[in-house]
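The values are calculated or read from the model by the stated rules, or taken from the named source; none is laboratory data. Everything numeric here is computed off the predicted structure, so don't read it as measured data. All Cβ positions, even for glycine, are placed from backbone atoms using ideal geometry, and neighbour counts span all protein chains on display. Areas reflect the complete protein model, heavy atoms only, side chains present, ligands, DNA and RNA absent. Shrake-Rupley method; radii C 1.70, N 1.55, O 1.52, S 1.80 Å.
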Amino acid sequence: TSTTTPPTASGFQITLSMSGLTASQQAIFQQAAARWSQVITGDLPNMTYRGIAVDDLLINASATAIDGVNGILGQAGPDAFRSGSDLPYHGVMEFDSADLASMERSGLLFSVVLHEMGHILGIGTIWEDLGLLSGAGTSNPIFTGAQATAAYNQIFGTSVRGVPVENTGGSGTADS
C-alpha cells in the first residue's frame, strides 16, 4: 500500500492510498488525480476520515478480482460526505485485477481511472441527492447543473435545460 498526493497548483488536493497496483499503474492513477486537480480549482474544508486528515479528497484505490477478463473494468463511488454541501471527501475505487495489465498496455487505463475518479468526485453519484438529475430512469435523463448546462449550450449552440446523461446500461451506467 502506498499513499501519495500528486503536486498541484490549484487549491484542490487528491490523496491516493493504493494497493495491489504496480509502480507504473500507480503513476497513471497519480496522473489522473493531477488532471482532476487542474480541473477543480477551489479548495474545500479539511475533513477527517477514520483518523486521517483529508485535504480535499482521499481515495482508496485497489486491484481486486471483480468478474474476470473484459467484464467490469472498474467501479467507484464516494462514501463520506461533507455536511451542508454533501460533497465527498472519501471514496473507494476498485479495478478488476484481470483487466489492469491489458488496460495499461492498450493505453486505456488512464481514461478508465479518470472516469472512476469522477464518480468519487460526485459525477453521477450525488446528482439525485442534490436535485441535479431530471428524468432518471427515462429515455431522456439530464444533468441540470447551471454551469454545466450553460457550457453545454455554448459549445453546441443549443438552449436546452440540461446536459444529456447516459440512458442505457445497468446500475452505475444509466443515469450516471
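Computed values, structure above
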{"read-out": "Cα-based Rg / Dmax (Å) for the chain", "value": "16.7, 48"}
{"read-out": "Whole-Å distance, taken between Cα centres, linking segment 22-37 and segment 81-108", "value": "11 Å"}
{"read-out": "Ellipticity estimate at 222 nm from DSSP helix runs (n ≥ 4, -39,500 (n - 2.57)) divided over the chain, nearest 500", "value": "-8500 deg cm²/dmol"}
{"read-out": "Percent antiparallel among DSSP beta bridges (both partners in segment 20-109, rounded to 5)", "value": "60 percent"}
{"read-out": "Rounded to the nearest 10 Å², the accessible area of Ser85 at probe 1.4 Å", "value": "50 Å²"}
{"read-out": "The chain: angle of helix 109-121 to the longest principal axis, Cα-based, in degrees nearest 10", "value": "60 degrees"}
{"read-out": "Relative pair counts by distance (%), Cα atoms of segment 19-96, 5 Å bins", "value": "3, 13, 20, 23, 20, 12, 6, 2, 0"}
{"read-out": "Environment charge of Asp175, counting only residues whose C-beta is closer than 9 Å and scoring Lys/Arg +1, Asp/Glu -1", "value": "-2"}
{"read-out": "Per residue accessible area in Å² of the chain, where ligands, DNA and RNA are left out and the probe is 1.4 Å", "value": "52 Å²"}
{"read-out": "Dipole magnitude of the chain, debye to nearest 20 (Cβ charges: Lys/Arg +1, Asp/Glu -1, about Cα centre)", "value": "320 debye"}
{"read-out": "Fraction of antiparallel bridges per DSSP, the chain only, in percent to nearest 5", "value": "55 percent"}
{"read-out": "Net charge contributed by nearby residues that have their C-beta within less than 11 Å of Gln75 (K/R +1, D/E -1)", "value": "-4"}
